[in-house]
Amino acid sequence: MAGHEPLTALGLMSGTSLDGIDAAILRTDGERVLCVGAAATVAYDDAFRERLRGVLGDGRATAGETAAVARALTLKHAQAVESLLAKSRAGDPEFPPVDLIGFHGHTIVHRPEGGVTRQIGDGALLARTTGISVVDDFRSRDLAHGGEGAPLAPLYHGALARELERPVAVLNIGGVANVTWIGAGDDILAFDTGPGNALIDDWVRAATGRPMDEDGRLARSGRARGDVVAALLDHPYFRRPPPKSLDRDDFAADAVSHLSPADGAATLTAFTAGAVAAARAFLPAAPLRWLVCGGGRRNRALMAALEDALETAVEPVETVGWLGDALEAQAFAFLAVRSLYGLPLSLPATTGVDRPMVGGTLYKAPGGG
Ligand SMILES: Nc1ncnc2c1ncn2[C@@H]1O[C@H](COP(=O)(O)OP(=O)(O)O)[C@@H](O)[C@H]1O
Ligand SMILES: [Mg+2]
């Protein structure tokens, strides 16, 4: 079968952890990953992070403030593009120029059961500012056709996993955690498992003023309370079969508010790992290994809790040569190319959409192709 012409795409992701923008370059025909290029993370400064936090949720901020934050966010993405292009040129002057940007934007509301998912970010402005064509709005069409609108990285995980022995599970621990199970054939299943870093981050921030539990140090100095973990896991979400997805704040740290900072961190860490373990009940066959991407793989307490809970090999994706901080951004580069070629971005087994679903909105570069 003749494939599509390979393109070079740059993907941009601003995740629910609110830590910053991940950017990554990929060469792909929309089916296969031909070559992985440079990647970078640009952290948000504290002031912008708080401003972004202020527009999360439904109608908490004025429309004017939300629009102003969307514009500022877009211009920060344009800067991330410029700095990644400079890094790419410096590192590999021969790498083909970028044809297309995949711009996820930042999710401010995700309530699939109400038919609502909203990402802020202005694709037209990004195309004008960078001079490169942009695809944005990856989720709304999936939602309009009965899907959860999330997770969207699974088709990319599937493309990468073709080279691996399967079944394999790719676990992305961002603000929310999501799993992609890839079977020995091309079968795939994906859903959000539960909380990722956001719950731990929020607890640690409230308890210590620090933005995260670096390397899981606080959790490792505490003791997980089994009764609290069990109570937290006794939530209907974990019994619900996939497809299913979560918003950043669907789980709150209230249940540990009576604990010390260290015990609270240990308990929420064990809860997060327990939620991943609960996901196994829905997988068609036990994965040979769990490959972990996203910032959560740097949390040693969480990785240890996962090994405990899953009783199988839990490894950062670097073990198989992938870039754990860039995978989501690469996914949106991949999906931008798929969008351009009219290939599905989601499947019934990844989002619950009623059939394989195309998506994305293209903003052509002014004067460009
Ligand atoms: N060294 C570390 N120790 C513990 N947690 C970390 C570390 N580095 C990153 N993280 C966690 O990863 C998060 C960022 O992960 P990321 O994959 O970017 O998530 P998202 O896609 O939601 O933005 C941070 O907010 C933090 O919770
Ligand atoms: Mg992030």
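The values are calculated or read from the model by the stated rules, or taken from the named source; none is laboratory data. Small disclaimer: the values here were computed from a predicted structure and weren't measured. Reconstructed Cβ throughout: ideal geometry from the backbone, glycine too, with neighbour counts over all protein chains shown.
Tabulated values for the structure
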| quantity | calculated |
| --- | --- |
| Some residue of region 65-81 being within 14 Å of residue 25 (Cβ to Cβ), touching a residue at least 24 places away in the same chain (Cβ under 8 Å) and not hydrophobic (A, V, I, L, M, F, W, C) | no |
| Within region 17-41, tally of residues that are within 11 Å of ligand 2 (Cβ to nearest atom), buried (at least 21 other Cβ atoms within 10 Å of the Cβ) and of a type in the set (Val, Ile, Thr) | 1 |
| Residue count for region 212-243, restricted to those that are part of a loop (DSSP other than H, G, I, E, B), in contact with a helix residue (DSSP H, G or I) (Cβ under 6 Å, 6 or more places away or on another chain) and either acidic (Asp, Glu) or surrounded by 13 or more Cβ atoms within 10 Å (Cβ to Cβ) (or both) | 9 |
| Qualifying positions in region 242-279 - of a type outside the set (Gly, Ala, Ser) and closer than 21 Å to residue 150 by Cα | 242, 243, 244, 246, 247, 248, 249, 250, 251, 272, 276 |
| Boolean, residue 265 is at pLDDT below 95, in the same structural domain as residue 314 (by TED's automatic domain parsing), within 27 Å of residue 47 (Cβ to Cβ) and surrounded by 23 or more Cβ atoms within 10 Å (Cβ to Cβ) | no |
| Residues located in region 32-48, provided they are part of a helix (DSSP H, G or I) and within 15 Å of residue 15 (Cα to Cα) | 48 |
| Given (1) within 11 Å of ligand 1 (Cβ to nearest atom); (2) surrounded by 24 or more Cβ atoms within 10 Å (Cβ to Cβ); (3) within 17 Å of the chain's Cα centre (by Cα), index of the condition residue 291 fails | (1) |
| Test result for residue 246, touching a residue at least 24 places away in the same chain (Cβ under 8 Å), part of a loop (DSSP other than H, G, I, E, B) and surrounded by 24 or more Cβ atoms within 10 Å (Cβ to Cβ) | yes |
| Matching residues in region 327-360 - criterion: being part of a loop (DSSP other than H, G, I, E, B), touching a Ser or Thr at 6+ places or on another chain (Cβ under 8 Å) and among the hydrophobic types (A, V, I, L, M, F, W, C) | 345, 353, 358 |
| Residue 111 within 30 Å of residue 237 (Cα to Cα), in contact (Cβ under 8 Å) with a residue 40 or more places away in the chain and more than 16 Å from ligand 2 (Cβ to nearest atom) | yes |
| Number of the condition not met by residue 202 [criteria: (1) surrounded by fewer than 15 Cβ atoms within 10 Å (Cβ to Cβ); (2) free of Cβ contacts under 8 Å to residues at least 60 places away in the same chain; (3) part of a helix (DSSP H, G or I); (4) not β-branched (Val, Ile, Thr)] | (1) |
